[in-house]
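Every read-out reported here was derived from the displayed coordinates using simple, explicitly stated rules and does not represent laboratory data. Because the structure is predicted, anything quoted here is derived from the model rather than measured. Positions of Cβ are backbone-derived with ideal geometry, glycine not excepted, and every protein chain shown enters the neighbour counts.
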There are 2 protein chains.
Amino acid sequence: MRLLRVNLILFEPAELARPLPRTDPRARHILEVLRRQSGGTFDAGQVNGPRGKATLGAIDPAGLHLTFAWGPPPAPPDPITLLVGLPRPQTARDILRDATTLGVSALHFVRTEKTEASYAQSTLWTSGEWRRHLWTGAEQAFDTRIPEVTSGRRLADVLATLPAASARLALDHYESPSPLSGYTGAAATPHVLALGGERGWSGPDRDALRQGGFQLVHLGPRILRTETAVVAALTLLRARLGLM
Amino acid sequence: MRLLRVNLILFEPAELARPLPRTDPRARHILEVLRRQSGGTFDAGQVNGPRGKATLGAIDPAGLHLTFAWGPPPAPPDPITLLVGLPRPQTARDILRDATTLGVSALHFVRTEKTEASYAQSTLWTSGEWRRHLWTGAEQAFDTRIPEVTSGRRLADVLATLPAASARLALDHYESPSPLSGYTGAAATPHVLALGGERGWSGPDRDALRQGGFQLVHLGPRILRTETAVVAALTLLRARLGLM
């Protein structure tokens, strides 16, 4: 039986032709956790490309020499765009990972009237650390597809660039008349799901969302942490769209 | 508008008649985060009892003198029992908090064929630290109700003590024919939801679950972390039961 703790290891296409340096965390994982030796194989994937089998060849000072046998290209990503009011960095890390595991095609962390401007200057965003959490989330799901991510743009600017034909839902604990669990939108339509983040939406945010075609929905009377609300809302939407 | 970052502060009934020591984390929260002074009020709750308003009176060397005005007793907890294969302590912390926020009446961390025996000796369980995560989860939900928790009992022993008339679902990525999102059980029935934890169920575990009346269900093709699967499964079940 396959263990639940799977090990898909992702590579950028540009990395495939050269040895993997022994100092790379993936090299240590292959040798020390998977305990592969020369001739051993493991599950690999190309970012936004096919999955396949990697075979470990020679290990020399240049690094681990790998050869790959690739499967077919992946299906397009699930047509869900997630939009979240920019949260504190630790919350953003969880959302980057978990939304990728659950499956979205794009993930926008937006500035709203109530978000904390300083969060956009976190090293999570300035150092590129955010990419690592996407990879962790995709590897967990045994998937190669990495969502498109933006952070720090204004809500209005992101609303102006959403897919035109999408259905749009915004979570709101205070002014929404209907539960997300009762939503009956069409499974074939791309969806945008918006969450206000730690302090919710302001009045002008709600106006912008309503003018942008968003329907306000809620997750019931209990108040969830932002990262828990993301998982709960994506779960209900994916179930509705027949993806779960 | 009420902020999403609510501040319900819980007290044990035995604590209500005496001053709250200034060294207590709740005292620091009242003075330093809520910035209450003598005469100020905040939302309080009795563990498994009513919510109400607390008024801060004198602050002297004995501590914070509080008086309370209580509302009605809470409704019975939602009739959901969660059963999880004992996970690593950090995962258990998240589950203790998030399952309490989402709402369950009991939470059993069980030993199965594939759980790591050493996890039961973690200070999370031996020091009583686990209770703190329940309080955090309940305060987040603005609720006073704390689930009953056990840890380290054998799966078979817990199965033998489940509510007799309950409907029973076990998450299984490998042998379940049907998605939890398509489950159509009756909303009025108490439910038991079981997750195998990090390494899933063994064959004998599955036999015991089936003999115990459990139906195997899945969360779709993507493999989730244990703590994410708990949130996703509780969300789908609560939505089905009309609680979300």
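Helices in chain A that qualify as membrane-span-like (whole DSSP H runs, Cα extent of at least 24 Å along the helix axis, mean Kyte-Doolittle hydropathy of 1.6 or higher) do not occur. By the rule of a C-alpha distance below 30 Å, with chain neighbours fewer than 8 residues away ignored, the lysines paired with residue A:114 are B:53. In this calculation the C-beta distance from residue B:62 to residue B:117 is compared with R0 = 60 Å, giving a FRET efficiency of 0.85.
The loop-placed GluC sites (Glu not before Pro) in the range A:170-231, going by DSSP, that have at most 16 neighbouring Cβ atoms within 10 Å of their Cβ come out as A:175. Note on chain B: GNM, Cα springs under 10 Å; of B:229, B:44, B:188, the largest mean-square fluctuation is that of B:188.
Only helices enter this figure: runs of n ≥ 4 DSSP H residues, each worth -39500 (n - 2.57), summed and divided by the residues of the protein assembly as shown, yield -7000 deg cm²/dmol at 222 nm to the nearest 500. Counting only DSSP beta bridges with both residues in the protein assembly as shown, the antiparallel share comes to about 30 percent. When the label point is put 7 Å from the Cα of residue B:17 along its Cα-to-beta-carbon vector, which residues of the range B:64-82 have a backbone N closer than 18 Å? The answer is B:64-70, whose backbone nitrogens lie closer than 18 Å to the label point.
How big is the gap, in Å, between the Cα center of the range B:105-184 and the Cα center of the range A:146-222? For the range B:105-184 versus the range A:146-222, the Cα centre distance is 33 Å. When every Cα-Cα distance of the range B:80-240 is counted in 10 angstrom steps from zero, the calculated P(r) takes the values 11, 44, 38, 8, 0 percent. Net charge dipole, the range B:80-240: roughly 60 debye, given to the nearest 20, about the Cα centre with Cβ charges of +1 for Lys and Arg and -1 for Asp and Glu.
Note on residue B:188 and residue B:129: the extension gain reaches 17.9 nm, defined as 0.36 nm multiplied by sequence separation minus the Cα-Cα distance.
For the range A:1-135, a crude dipole built from +1 on the beta carbon of Lys and Arg and -1 on the beta carbon of Asp and Glu, taken about the Cα centre, is about 320 debye to the nearest 20.
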